[in-house]
1. Looking only at the range 169-202, count every residue that is β-branched (Val, Ile, Thr), loosely packed, with under 12 Cβ neighbours inside 10 Å and modelled with pLDDT of 80 or more and tell me the total.
2. Of the residues in the range 30-50, how many are more than 19 Å from Pro127 (Cα to Cα) and open to solvent by less than 10 Å² (accessible area, probe 1.4 Å)?
3. May I ask you to verify whether Tyr165 is over 23 Å from Val33 (Cβ atoms), buried (at least 16 other Cβ atoms within 10 Å of the Cβ) and out of contact with any strand residue (DSSP E or B) (no Cβ under 9 Å at 6 or more places or on another chain)?
4. Here is a check on your reading of the model: is Lys131 basic (Lys, Arg) and over 21 Å from the mean Cα position of the chain (by Cα)?
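The values are calculated or read from the model by the stated rules, or taken from the named source; none is laboratory data. Small disclaimer: the values here were computed from a predicted structure and weren't measured. FYI the Cβ positions are ideal-geometry reconstructions off the backbone, even for glycines, and counts take in every protein chain you see. Note: areas computed on protein heavy atoms with side chains; ligands, DNA, RNA excluded. Shrake-Rupley method; radii C 1.70, N 1.55, O 1.52, S 1.80 Å.
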Amino acid sequence: MMGVMMLKRVQDSNTEAIPDDRREQIKRAALRVFARQGIQGTKMSAIAAEAGISQGLSYRYFSSKEQILTMLVQEALDEAQAALRSFDRLPGSPEQQFRAFTQLMLEDRHKHYFMLLQQVSASEDAPVQAKQLIARYSPEDTISLLVPAFIKGQQLGQFCEGDPYKLLFLYFSVITGLMLQDLPIAEDYWPQQVDLLMKILI
């Protein structure tokens with residue numbers, strides 16, 4: 001009897017996991033489509049096609065592309081904040097921490113997040129809720145989380161002298177700019193250029 005009950009729980013768990021997996025599949029597909037086609041150019045039909053499902057099935061999980069977009073914006077901001085707040089727990093010296101952080105930002109999935117956030121910031125077609133989410137965060141707040149580690153690196157002679165805020169603003173501007181470029185290069189090209197990008201700080 002106990003074995004039957006345990007089997008039932010496993011079956012129920014597996015059944016419940018399918019919708020969650022499908023939602024993630026649709027969200028990941030939507031992230032790629034938004035990155036390629038922009039907010040206005042993205043249709044639910046294109047998202048469904050990218051996910052390999054019917055458009056009708058996609059509406060079982062999301063009511064509109066605006067709902068998916070807002071969820072992706074929240075996800076992107078949450079992930080970015082989590083990465084920033086865990087920066088001081090990265091192993092090694094400040095230089096090694098910034099190198100690992102740079103590598104993380106340059107991963108292809110994060111490129112799509114950069115593009116999505118930029119589109120929402122610049123587009124009049126973006127959902128109001130998505131714009132409100134972005135408005136809660138400022139570049140100043142983001143940079144301030146990394147200033148202590150940068151100053152420590154300066155004191156150790158690992159980073160160049162100068163205003164930490166201005167140098168980190170330049171660092172973020174360059175990386176964000178690279179992520180927004182639509183260049184015919186391999187997906188893993190920029191992650192391989194960490195040494196070059198670190199020269200901004202070293």
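1. As a first pass, look at the range 169-202 and keep what is β-branched (Val, Ile, Thr): 174-176, 185, 194, 200, 202.
Remaining after also requiring loosely packed, with under 12 Cβ neighbours inside 10 Å: 185.
Applying the additional criterion that residues be modelled with pLDDT of 80 or more yields none.
Number of matching residues: 0.
2. Number satisfying all stated conditions: 1.
3. Working: over 23 Å from Val33 (Cβ atoms): yes; buried (at least 16 other Cβ atoms within 10 Å of the Cβ): no; out of contact with any strand residue (DSSP E or B) (no Cβ under 9 Å at 6 or more places or on another chain): yes.
Spelling it out, it is not the case that Tyr165 is over 23 Å from Val33 (Cβ atoms), buried (at least 16 other Cβ atoms within 10 Å of the Cβ) and out of contact with any strand residue (DSSP E or B) (no Cβ under 9 Å at 6 or more places or on another chain).
4. no
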